[in-house]
Amino acid sequence: MDNTFIQKVTMLVKNKNAKAAISAELESHILDKIDFYTEIGYSKEEAEKKATEDMGSAEDTAIPLNGIHSQRWYKQTENWVTIIILAAMWVVTFIFKNNFTYDTASNIYSVTVHYITLDFASLVIFALFFFILCHARRTKNKITVIALLVFIIAVNFTGGLQPMFYAVLQTISMLTSGYDVGGYIDSIFQYSYVPSYLGKYLSLAAATLTALAVLYCVFVILGIYTQECGKTGKSFWKPYIIIQRTAAVLLGIYFIFMAICTAIAYTGIETQKEKINSFKKQEIDFILNSEPGTDSQEYMGKIYTELQLTPSYCETSGIDYVDNIYYFNRYNITMCYMENQNDHKVQYTALIVTNPLTDFALINNDLYLEESDFADIMDSLECVNYTAADDNSPESYVDIWQTKYDSVPIYIDSCKFLQDNYYLDKISALIKSSSSADSSYSSNALSENFGTVGVGIITDNSEIIPDVRVTFILKNSKYKSATLLFIDNKLEQLQLSV
Amino acid sequence: MKISKELIKGSTSLLVMSVLKQEDMYGYKIIKEIEKLSEDVFVLKEGTLYPILHALENENLLESYWQESDGRKRKYYHLTKKGVQRTKAKEDEWKLFSTSVDKVLASAVAY
């Protein structure tokens, strides 16, 4: 429609998107008014003239409209606040990426301890996403929606939504198999308590959720666009309004249920920690007090009667001096028992499994050291090799440091970082007794995420040298763990695993 | 008798929101409805209605959508929940104002 009033108004309004919508709206109004005047007997030309006059001054309409629509996105504080919040949340999920992701299939040694707070962090991220999205829809803020679209893809990339779905699945598991919050508490301490039939849906659920959220964002952007361009779109909004309301109701129900579960789980965590600590001490003491060379049947029997543990048999591929390996698992403690049928020799190791990334489930700080704790002994050591661990897995490469030929021997009692260690006395006693432990075998350096206390070493000539090796998990270091090898009470080797 | 612009200006938003309480309407219909209900006392300069509608929409008191009716595409305005609450508050404010003005005027007449 060629109308001077509309032309003047659109000329004065600078926002291009708003121009089209304002023009369409004013045109519709003037056409209605022309119809009115035509119906009461005016000619078409006169009707248009009168309708235009009734609109009043173009400046009176355009100047305030221009003021309303001229705000640039970068001048709006709200946009910056939203972008900063989203960026901060993404950085958090990126930094704690390993904690947010429960997939351990690629690393057989990794035991992911469920971090309960992440269930809620993940849920809050998702809820906040929808809250901001609904607000952006109301205010027709495309920039925020685009930021949200980028955010949800980025968060999914870092696995930020996975814990939420893990918690959802865990909840479903509890509902279907009878309400038992104990299962939920156990899952905080050990990944293996996640029911395997639910685990396979984890990635699928997170991917579906992201796809829905992305679709939702696209709907909102298209909706805002159609509004701005003055296109009809009420029916277009309906499907996503249904999605939005359904999501809101489900989230609400889920929030309440998870709040109850988490509150109950929190009350049980301390008890569970104490129980696990007690088991761990019991098992380590059992190993450290064992007589080297004990008959294998007798040893297994003792484990069964004294610790009430039953073994799970494991194939011994790749370890030529061990015929059988049995594992005894209880919570995040694994005892490993190896036997050689021909020589009737046994080796026993306690693998104290903890996850260095999840302080929440931290059982015993004794197993954690800083790299700087080794500073006082490093001058006496030199790096002699850089090699892969026995299993050749790429993540298990180690730097091997040995004592220098002319250096003063390092005795276990003189290692400062061991002074306050709960097991120092036990380890010292073991070293002394190990001088006669000619039937001990090496522990296979399963050190990736484990604190290990092992006994015995075997040389290339199949000669057995009694030793004690202790593995610590390293914090704030490029190395994941440090294994100290003591022979005859002297430090012989420091293996730093990457 | 004509009412001064200043007096109308302060209450236009309330008039617009009040008529939108009944049903969703487009600009032209809003003006007609206000004229009808006020028995032609409030006759707005039609172009000035749109800045008011857009400002109310910006404050989330109104929502808008485009819809075709009688073969013409029109932008309908819908009063939001926040808009309903604001209208109620403004109406109460207006009633208090109006009653108070009446009281003052009545007592002035008595003297």
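Readers should treat all values here as calculations from the given coordinates under stated rules, not as data from a laboratory. The structure presented is a predicted model; accordingly, all values stated were derived computationally and were not measured. Note: ideal-geometry Cβ built from the backbone for every residue, glycine included; neighbour counts use all protein chains shown.
Points worth noting:
- Residue-count net charge about A:Lys404 - beta-carbon cut-off 14 Å; Lys, Arg +1, Asp, Glu -1: -3
- Value of relative contact order over the stretch A:4-69, rounded to a whole percent, pairs C-alpha under 8 Å and six or more apart: 50
- Test item: A:22-35 mean partner chain Cβ contacts at 10 Å: 5
- Listed peptides A:31-41, B:92-102, A:405-415 appear in the order A:31-41, A:405-415, B:92-102 once ranked by packing, highest mean of other Cβ atoms within 10 Å at the front.
- Neighbour net charge for B:Val19 - beta-carbon separation under 12 angstrom, K R +1, D E -1: 0
- Averaged over B:23-31, number of beta-carbon atoms from partner chains that fall within 10 Å: 3
- For peptide B:40-50, the mean count of partner chain Cβ atoms within 10 Å of a residue's Cβ comes to 5.
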